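Each remark here refers to the structure printed beneath this line.
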């Protein structure tokens, strides 16, 4: 090539090369991954029961249950003494029925001979009811007839319809060995006790719907008297055990 054309040709080739280097190369975009649903969470694996067993293959026993606040332990201070099954009186022995709770016998300093020899409490059927009490008295020197004692008991109750209490009362007589028993069943109203000197109003209001069971136990060292007075429905509830107590009598 002629020298006068060589230099322009070189410059032309250099310019074309620089222009090619300034062009932005094409960007290659990676394909977007298609969305996938996250796999559901699987429940944790339950270990094999054999893997939890101690050596030897024995399953440990659960710890003993802790007793509650009302629990009574054997020999503890709260342990209840067993209920007595009989009461010994002068010349006789009576079996104490289930549910009869022995009470402390009150002391009558002014008239010690009138104090009961035994007292038992019988819970009322209703929570707010008045508990019954069975009182056993002993008058070994009493020579009063049965009829006089019955009339005395009749006078303790009145009838709302005006009839005599003797008319509505029932009397049973039976013998247990050599012991004779007279049992009176008397319904009625306990009369009010009137006011005393220096006191206003009745000392005790009338109590309707009452019932009394009163028995005479006649024996060589007697008689003993067993009496229960209270609400008619409560007396009916305990009547069978009252009669059972009388029939359990044994002489010494």
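Sub-6 Å Cβ pairs linking a first residue in the stretch 93-108 that is farther than 21 Å from residue 218 by Cα to a second residue that is loosely packed, with under 13 Cβ neighbours inside 10 Å, at least 6 apart or interchain, are 108/114, ordered by first then second residue.
For the stretch 185-198, a tally of residues being without any contact (Cβ under 8 Å) to a residue 12 or more places away in the chain and within 20 Å of residue 242 (Cα to Cα) returns 0. Looking across the stretch 112-141, the residues that are at pLDDT below 90 and more than 24 Å from residue 236 (Cβ to Cβ) come down to 112, 113, 114, 115, 141. For the criterion of being loosely packed, with under 13 Cβ neighbours inside 10 Å and either touching a strand residue (DSSP E or B) at 6+ places or on another chain (Cβ under 6 Å) or in a helix (DSSP H, G or I) (or both), residue 240 passes. Scanning the stretch 127-148 for residues that are farther than 16 Å from residue 229 by Cα and in contact (Cβ under 8 Å) with a residue 24 or more places away in the chain returns 138, 139, 140, 142, 146. So, of the residues in the stretch 153-184 that are touching a residue at least 40 places away in the same chain (Cβ under 8 Å), surrounded by 17 or more Cβ atoms within 10 Å (Cβ to Cβ) and assigned to a strand (DSSP E or B), which turns out to be nearest to the chain's Cα centre (by Cα)? Across the stretch 153-184, the extreme among qualifying residues is 183.
A quick yes/no check of all residues on (1) out of contact with any strand residue (DSSP E or B) (no Cβ under 9 Å at 6 or more places or on another chain); (2) surrounded by 15 or more Cβ atoms within 10 Å (Cβ to Cβ); (3) in a strand (DSSP E or B); (4) at pLDDT below 95:
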position: 187; (1), (2), (3), (4): no, yes, yes, no
position: 208; (1), (2), (3), (4): no, no, yes, no
position: 213; (1), (2), (3), (4): no, yes, yes, no
position: 246; (1), (2), (3), (4): no, yes, no, no
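The values are calculated or read from the model by the stated rules, or taken from the named source; none is laboratory data. What you see is a predicted model; the values in this text were computed from it and never measured. A quick note on method: Cβ atoms are made from the backbone with ideal geometry, for glycine too, and the neighbour counts reach across all protein chains shown.
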